[in-house]
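Structure, as structure tokens:
The values are calculated or read from the model by the stated rules, or taken from the named source; none is laboratory data. These figures come from a predicted structure and were not determined experimentally. Note: ideal-geometry Cβ built from the backbone for every residue, glycine included; neighbour counts use all protein chains shown.
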Amino acid sequence: METATANKEKPTNPLTYAACVLLGFLQRIGEMFLGFFSGVGRISAFTANGVRHSFTPPFYGRHIFRQLIDIGYYSLPVVGLTALFTGMVLALQSYTGFSRFNAESAIANVVALSITRELAPVLAGLMVSGRIGASIAAEIATMRVTEQIDALVTLSTNPFKYLVAPRLIAGTLMLPVLVLVADIIGIMGGYIVSVFALDFLSETYLRQTWNFIQFMDVFSGLVKAAVFGFIVTLMGCYHGYNAGRGAQGVGAATINAVVSSSILILIFNYVLTQVFFS
Amino acid sequence: MTANLKIKKAPRNIKLALDNVSKSFGNNQVLNGVSLSIPKGKSLVVIGGSGSGKSVMLKCALGLITPDSGTIKVDGMNTTGYSADQRNELMKKFGMLFQGGALFDSLSIWENVAFGLMQNNKTPKKEAREIAIEKLRSVGLGARVADLYPAELSGGMQKRVSLARAIAAEPEIIFFDEPTTGLDPIMADVINDLIIKCREELGATTLSITHDMASARKIADNIAMLYQGKIIWHGKAGEIDKPNNIYVEQFVHGRADGPINMDAA
């Protein structure tokens with residue numbers, strides 16, 4: 001603040017002026033750091049609160065069920081289509097590459113491994129972030145803007161239990177299920193292209209996939225999915241809950257939810273891969 | 001221990017008391033030592049212009065905003081340091097009519113009205129629905145609206161539903177946030193009548209904030225005026241036309257020129 005007023009006065013001495021500019025610059029860096037850490041602190045506190053209320057009664061069974069259906073069942077078409085075409089394109093691409101050194105037989109392995117370990121969880125996470133993260137943020141932000149969250153409090157209902165916990169629970173439980181389905185559909189996509197377009201023997205392709213794939217490949221993907229499901233719902237709830245005023249606040253909450261959950265998914269994907277496979 | 005001592009000190013009939021409550025957001029001092037008290041069963045209306053801190057004061061009294069300093073006492077108990085669970089219990093004494101209604105748009109009208117009953121008192125669904133319909137009738141709405149959703153109702157009807165929800169659990173203290181704002185004059189008067197009726201039937205203590213003088217005259221026992229985060233005038237409803245205070249006079253008569261400068265607000 002002091003430097004801002006100093007800037008307005010426009011000191012005539014060039015040395016004082018330079019000092020003011022430098023101070024303003026340092027002040028901005030300081031503000032950014034403080035903003036970053038207070039943001040991390042707020043998200044951590046929100047997370048702890050959300051997790052605590054997910055494990056303590058009362059539980060809102062009807063709400064959890066509705067979220068399970070919304071996050072799981074209604075995301076199936078989007079996630080399924082993504083997985084199908086990813087598997088298909090993977091088979092096609094690896095064929096063009098591998099046929100140059102007669103390694104076509106590795107296609108089944110490449111498809112199975114990429115889908116289960118990486119592509120199914122990450123792409124499902126990103127798709128769900130766009131579909132569910134955005135809708136959670138918009139819904140909760142609208143409730144905040146129209147004072148519905150305050151109304152919940154005045155009716156002795158904890159908004160964390162009523163709004164946040166059911167979504168966190170449903171997201172963490174349903175994403176692994178979605179990813180398991182995506183694994184199967186993705187591998188099927190690779191199978192369809194290999195057998196019907198690249199003239200592989202159906203039996204050989206399936207046997208290769210089955211023999212090559214290991215428990216850990218699928219399991220690590222499902223653990224990632226659970227983490228991504230938590231991240232998406234958490235970011236949706238956090239940004240919605242802390243939305244600013246009016247329609248603009250709702251819009252900003254939605255953007256922040258999708259962007260932050262997408263980036264966190266990519267970061268945590270790397271961290272989890274490091275944990276599992278090194 | 002301290003809370004128990006304070007009970008003895010506090011006058012018995014004071015239901016809700018704010019003592020020297022201050023709140024600021026950043027550099028903006030919104031409340032600057034607000035003190036007021038409401039005897040049991042009485043109605044206090046706080047008037048003031050936009051930006052005078054009325055809403056923040058009401059939210060502090062409700063416990064939705066924690067004040068920076070000062071105490072808020074309900075039945076003589078200081079509630080400012082309450083934990084989330086204690087606050088939940090305290091809220092059962094409160095009913096609140098929000099300015100925009102704040103109805104849950106994902107729930108039907110009767111579920112909105114019966115929300116508190118079903119969540120807290122664990123009233124069975126069928127019984128809760130009957131109570132909700134009865135409460136709707138008491139605010140002049142027929143049983144046919146029970147299964148509609150908030151978006152299907154007009155603003156005045158939403159306000160009535162919100163009132164029905166606020167009184168459904170028969171609270172001891174009811175808060176009204178600009179109950180007549182956004183309504184036509186006739187509907188505003190209907191809501192005023194309903195507020196009076198509800199208060200008389202429940203024997204509740206009420207705190208309202210408004211800038212609608214017609215409403216304030218009608219529903220208030222006492223009126224206080226908030227200006228720049230302070231209570232600058234306090235008196236009986238009948239005294240509002242001879243307040244002996246230039247600020248209150250300007251506000252009551254709705255004059256643009258006077259000591260209150262709206263540009264600064």
Across (1) modelled with pLDDT of 90 or more; (2) out of contact with any helix residue (DSSP H, G or I) (no Cβ under 6 Å at 6 or more places or on another chain); (3) surrounded by 21 or more Cβ atoms within 10 Å (Cβ to Cβ), B:Arg160 clears everything bar (1)
Mind checking which pairs have a first residue in segment B:123-140 that is in contact (Cβ under 8 Å) with a residue 60 or more places away in the chain and a second that is of a type in the set (Lys, Arg), Cβ under 8 Å, 6 or more apart or different chains?
-> B:Ser138/B:Lys197
For segment B:236-262, what are the residues that are at pLDDT 80 or above and at positive phi?
-> B:Asn244, B:Gly254
Residues of segment A:99-123 being touching a helix residue (DSSP H, G or I) at 6+ places or on another chain (Cβ under 8 Å) and more than 15 Å from A:Gln214 (Cβ to Cβ), which ones?
-> A:Glu104, A:Ser105, A:Ala106, A:Ile107, A:Leu119, A:Ala120, A:Pro121, A:Val122, A:Leu123
Check off (1) more than 8 Å from every other protein chain (Cβ to nearest Cβ); (2) touching a strand residue (DSSP E or B) at 6+ places or on another chain (Cβ under 6 Å) for B:Ser106 and give me the number that stays unchecked.
-> (2)
Would a scan of segment B:128-149 turn up a residue that is within 14 Å of another protein chain (Cβ to nearest Cβ) and farther than 19 Å from B:Lys92 by Cα?
-> yes
From (1) surrounded by 20 or more Cβ atoms within 10 Å (Cβ to Cβ); (2) within 14 Å of chain B (Cβ to nearest Cβ), pick out the condition that doesn't hold for A:Ala138.
-> (1)
Please verify whether segment B:134-145 includes one or more residues that are surrounded by fewer than 20 Cβ atoms within 10 Å (Cβ to Cβ), over 28 Å from B:Ile38 (Cβ atoms) and touching a Gly at 6+ places or on another chain (Cβ under 8 Å).
-> no
When both residues are 6+ apart or on different chains and their Cβ atoms are under 6 Å apart, which pairs have a first residue that lies in segment A:28-48 and is modelled with pLDDT under 95, and a second that is not in a helix (DSSP H, G or I)?
-> none
Limited to segment A:116-135, what total is found for residues that are in contact with a Lys or Arg (Cβ under 8 Å, 6 or more places away or on another chain), within 15 Å of A:Leu84 (Cα to Cα) and crowded, with 24+ Cβ neighbours inside 10 Å?
-> 1
Do any helices (runs of 4 or more DSSP H) lying entirely in segment A:141-221 carry at least 1 residues that are polar (S, T, N, Q), closer than 21 Å to A:Val232 by Cα and in contact with a Ser or Thr (Cβ under 9 Å, 6 or more places away or on another chain), and which ones are they?
-> A:165-192
So how many residues does segment B:59-78 have that are buried (at least 19 other Cβ atoms within 10 Å of the Cβ) and hydroxyl-bearing (Ser, Thr, Tyr)?
-> 0
Residue match in segment A:246-260 (condition: surrounded by fewer than 24 Cβ atoms within 10 Å (Cβ to Cβ), part of a loop (DSSP other than H, G, I, E, B) and under 19 Å from the mean Cα position of the chain (by Cα)) = no
For segment B:89-98, how many residues are facing chain A (nearest Cβ under 8 Å) and buried (at least 19 other Cβ atoms within 10 Å of the Cβ)?
-> 5
Given the conditions (1) more than 30 Å from B:Asp68 (Cα to Cα); (2) surrounded by fewer than 20 Cβ atoms within 10 Å (Cβ to Cβ); (3) in contact (Cβ under 8 Å) with a residue 24 or more places away in the chain, and given that B:Asp221 satisfies all but one, which numbered condition is not satisfied?
-> (1)
Considering residues of segment A:213-245 that are among the hydrophobic types (A, V, I, L, M, F, W, C) and exposed (fewer than 15 other Cβ atoms within 10 Å of the Cβ) only, the residue nearest to the chain's Cα centre (by Cα) | A:Phe219
Of (1) within 12 Å of chain A (Cβ to nearest Cβ); (2) more than 21 Å from B:Ala61 (Cα to Cα); (3) surrounded by 16 or more Cβ atoms within 10 Å (Cβ to Cβ), B:Leu153 fails just (1)
Return only the number of the condition from (1) more than 14 Å from chain B (Cβ to nearest Cβ); (2) in contact (Cβ under 8 Å) with a residue 60 or more places away in the chain that A:Lys161 does not satisfy.
-> (1)
Do we find that B:Phe115 is at the interface with another protein chain (Cβ under 10 Å from one of its Cβ atoms), under 27 Å from B:Gln158 (Cβ atoms) and touching a residue at least 60 places away in the same chain (Cβ under 8 Å) in this structure?
-> no
Residues (of a type outside the set (S, T, N, Q) and in contact (Cβ under 8 Å) with a residue 12 or more places away in the chain) located in segment A:53-73 = A:His53, A:Pro58, A:Phe59, A:Tyr60, A:His63, A:Ile64, A:Arg66, A:Leu68, A:Asp70, A:Ile71, A:Gly72
(1) within 14 Å of chain B (Cβ to nearest Cβ); (2) of a type in the set (D, E, K, R); (3) closer than 21 Å to A:Leu175 by Cβ: which one isn't true of A:Arg117, the others all being true?
-> (1)
Might you check whether a residue that is surrounded by fewer than 23 Cβ atoms within 10 Å (Cβ to Cβ), within 14 Å of another protein chain (Cβ to nearest Cβ) and modelled with pLDDT of 90 or more occurs anywhere in segment A:174-186?
-> no
Mind counting the residues in segment B:56-88 that are in a helix (DSSP H, G or I), within 14 Å of another protein chain (Cβ to nearest Cβ) and touching a residue at least 24 places away in the same chain (Cβ under 8 Å)?
-> 6
